[in-house]
Amino acid sequence: MATIKDIADLAQVSMATVSRVLNYDETLNVAPETRKRIFEAAEELNYVVTPKKKKPKKKELIGLYYSYSLEEELIDTYYLSIRVALEKKLERLGMELYNISKDDTKKTISKIDGIICLGTFKKEEIELIKSFEKLSVFVDANPDENYFDSVVIDFNSATKNALDYLMDLGHQNIGFIGGVETDMYGNRFKDLRQDVFESYLKKKGILKEEFVKIGGYNPKDGYLILKEMLSGDTKPTAVFVANDSIAIGCYKAAYELGVKIPDDLSIVGFNDVSSAQYMVPPLTTVKLYTEIMGETAVDLLLERIATKREICKKVTIHTKLITRGSAAAVKS
């Protein structure tokens with residue numbers, strides 16, 4: 001078998017020059033005639049270039065920290081779908097995932113390259129995440145625009161689009177059923193959808209405060225609140241709810257009260273969970289692109305890790321109203 005020395009002797013150049021030419025070293029300044037002579041010598045001697053072994057690339061380790069329990073995730077599959085999307089993205093990229101808990105410390109996650117935080121967090125949780133001193137991106141929350149990247153939903157236009165749709169159907173008595181959010185300091189405050197609902201309908205001159213009911217985000221709350229809402233002397237002709245889980249409870253309450261959907265009551269949900277299209281009637285709802293949210297969070301984090309970008313980014317994901325069978329025009 002021919003060696004680099006054999007080629008060097010035949011081409012009348014140094015062994016170092018042969019090695020650099022055969023390995024296509026772009027920094028080597030050598031005449032074209034010399035290159036040609038080396039390649040011809042290698043071909044004549046049937047020299048086979050042995051590729052250099054590359055060190056295996058280190059797999060990036062990404063931490064995932066979520067603010068809710070797995071039981072809560074199953075009740076409202078919004079976060080579940082985001083988590084699955086980002087986990088699939090990381091798997092496709094050949095990256096490893098580490099689930100962070102409140103018991104973790106800066107030392108226990110020292111090998112982590114970055115963190116994706118899913119959910120809404122209290123002040124102490126935010127401070128814990130900051131103490132890790134790792135690049136982090138938040139999904140569905142934006143606790144500190146000067147410190148974290150974030151991926152959020154455009155709740156403002158999503159809520160207005162749903163209300164415009166109901167008003168175009170002739171509805172004036174529109175109710176809202178939602179829950180209460182908790183900020184990074186542990187303070188309870190209005191769901192942004194409720195805030196937009198109230199300000200938008202007040203501007204239109206049709207806000208009925210007695211039709212705004214707040215509880216939780218699960219089917220039981222939807223069931224109990226709609227029953228209460230429909231027990232009064234004046235009743236809404238339509239209800240906009242903060243998520244599809246609430247809508248499921250509303251369907252049960254309406255059935256028990258003999259209220260037909262959408263003939264007697266129109267319902268518009270939020271999230272477009274997979275079961276929404278199979279409800280009877282199929283639920284009209286705001287579709288959130290959870291897969292895009294999860295993938296965008298991964299892209300944001302990896303880009304920031306690679307570039308060491310100092311300025312934070314906030315990416316807003318838009319929504320789409322999916323019209324099905326749960327909303328109809330007001331009876332004349």
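The values are calculated or read from the model by the stated rules, or taken from the named source; none is laboratory data. Everything numeric in this text was worked out from a predicted model, so none of it was measured. Here the Cβ is made from the backbone with ideal geometry for all residues, glycine too, and neighbour counts use every protein chain on show. For the accessible areas, the whole protein counts, side chains as well, though only heavy atoms, and no ligand, DNA or RNA atoms are used. Shrake-Rupley method; radii C 1.70, N 1.55, O 1.52, S 1.80 Å.
Given the Cα-Cα distance of Val180 and Lys204 and 0.36 nm per residue of separation, how much length would full extension add, in nm?
Working: separation 24, 0.36 × 24 = 8.64 nm, distance 2.44 nm.
That pair, Val180 and Lys204, stretches by 6.2 nm at full extension.
Which value, in Å³ per residue, describes the convex hull spanned by the Cα atoms of region 50-183?
It comes to 175 Å³ per residue, whole-number rounded.
Setting aside same-chain residues fewer than 8 positions from Lys59, which aspartates and glutamates have a Cα under 13 Å from its Cα?
By straight Cα distance, Lys59 reaches Glu91, Glu96, Asp113.
Determine, from the Cβ-Cβ distance of Asn23 and Asn99 and an R0 of 51 Å, the FRET efficiency 1/(1 + (r/R0)^6), rounded to the nearest 0.05.
With R0 = 51 Å, the Cβ-Cβ based efficiency is 0.70.
Going toward the positive end of the dipole of the chain, with +1 on Lys and Arg Cβ and -1 on Asp and Glu Cβ, which of Thr34, Ile112, Ser332 do you reach last?
Result: Thr34, furthest along the dipole toward the positive end.
Under 17 Å from the 7 Å Cα→Cβ point of Lys107, by amide nitrogen: which residues of region 121-151?
131-133
So how far apart, in nm, are the two label points at Lys160 and Glu127 if each is 7 Å from Cα heading toward Cβ?
Rounded to a tenth, the inter-label distance reads 3.8 nm.
Rank by packing, highest mean first: peptides 223-235, 130-142, with packing defined as the count of other Cβ atoms within 10 Å averaged across residues. Mind showing how you got there, number by number?
Numbers: 223-235: 15.7, 130-142: 19.9.
Averaged packing, sorted descending, gives the order 130-142, 223-235.
Quick one: with all protein chains in place, what share of the accessible area of the chain is carbon or sulfur, to the nearest percent (1.4 Å probe)?
Details: 9370 of 18100 Å².
Result for the chain: 52 percent of the exposed heavy-atom area is carbon or sulfur.
Taking all pairs of different Cα atoms in region 184-269, averaging 1/r and flipping that mean, what Kirkwood radius in angstroms comes out?
Hydrodynamic radius (Kirkwood, Cα pairs) of region 184-269 is 13.5 Å.
Give me the distance in nm between label points sitting 7 Å out from Cα along the Cα-to-Cβ direction at Val330 and Phe39, one decimal.
Placing both labels 7 Å beyond Cα along the Cβ direction yields 8.1 nm.
Placing unit charges on C-beta atoms (Lys and Arg positive, Asp and Glu negative, everything else neutral), compute the dipole magnitude of region 25-183 about its Cα centre in debye, rounded to 20.
The dipole of region 25-183 has a size of about 1060 debye.
Could you do me a favour and compute the accessible area per residue for the chain, 1.4 Å probe, result in Å²?
Accessible area per residue: 55 Å².
When the dipole is taken about the Cα centre of region 128-280, and only Lys, Arg (+1) and Asp, Glu (-1) are charged at their Cβ, what size is it in debye, to the nearest 20?
320
Please give the peptides 293-299, 215-221, 119-125, 28-34 ranked by average Cβ packing (other Cβ atoms within 10 Å per residue), highest first, as a rough proxy for protection.
Details: 293-299: 21.9, 215-221: 19.4, 119-125: 17.0, 28-34: 10.1.
Packing proxy ranking, top to bottom: 293-299, 215-221, 119-125, 28-34.
Output the pairs from Lys204/Lys314; Lys122/Lys202; Lys88/Lys213; Lys89/Lys130; Lys160/Lys190 with a Cα-Cα distance over 27 Å in this structure; if there are none, say none.
With Cα atoms farther than 27 Å apart: Lys204/Lys314; Lys122/Lys202; Lys88/Lys213.
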